[in-house]
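Please read the structure below before turning to the comments.
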């Protein structure tokens, strides 16, 4: 039987990771516009750090959930 909580968690984890990726995508134009010999403001670095951290955490959580789901399905239940 399918665990509906597991499926809901998978959906939520995927949505969260995609939202974080969209936030990173939104920063691409400002990063691309940086002068190669210039610098980035502290505020912009903080925002980039926050967004990338959110993406990393989301992706790792999603990966962990998938690994758990795969492991559970590979093990016969008694």
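The values are calculated or read from the model by the stated rules, or taken from the named source; none is laboratory data. Since the model is a prediction, treat every value here as computed from it, not as a measurement. Positions of Cβ are backbone-derived with ideal geometry, glycine not excepted, and every protein chain shown enters the neighbour counts.
Here are the numbers for the structure shown:
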quantity: Odd one out for residue 39 among (1) in a helix (DSSP H, G or I); (2) more than 15 Å from residue 23 (Cβ to Cβ); calculated: (1)
quantity: Residues of segment 61-78 that turn out to be exposed (fewer than 12 other Cβ atoms within 10 Å of the Cβ) and in a helix (DSSP H, G or I), as a count; calculated: 7
quantity: Every residue from segment 1-30 that is assigned to a loop (DSSP other than H, G, I, E, B) and in contact (Cβ under 8 Å) with a residue 24 or more places away in the chain; calculated: 27
quantity: Test: residue in segment 3-24 that is at pLDDT 95 or above, farther than 30 Å from residue 70 by Cβ, loosely packed, with under 13 Cβ neighbours inside 10 Å and out of contact with any helix residue (DSSP H, G or I) (no Cβ under 6 Å at 6 or more places or on another chain); calculated: no
quantity: Count - residues of segment 31-56 that are touching a residue at least 12 places away in the same chain (Cβ under 8 Å) and either under 16 Å from the mean Cα position of the chain (by Cα) or surrounded by 13 or more Cβ atoms within 10 Å (Cβ to Cβ) (or both); calculated: 7
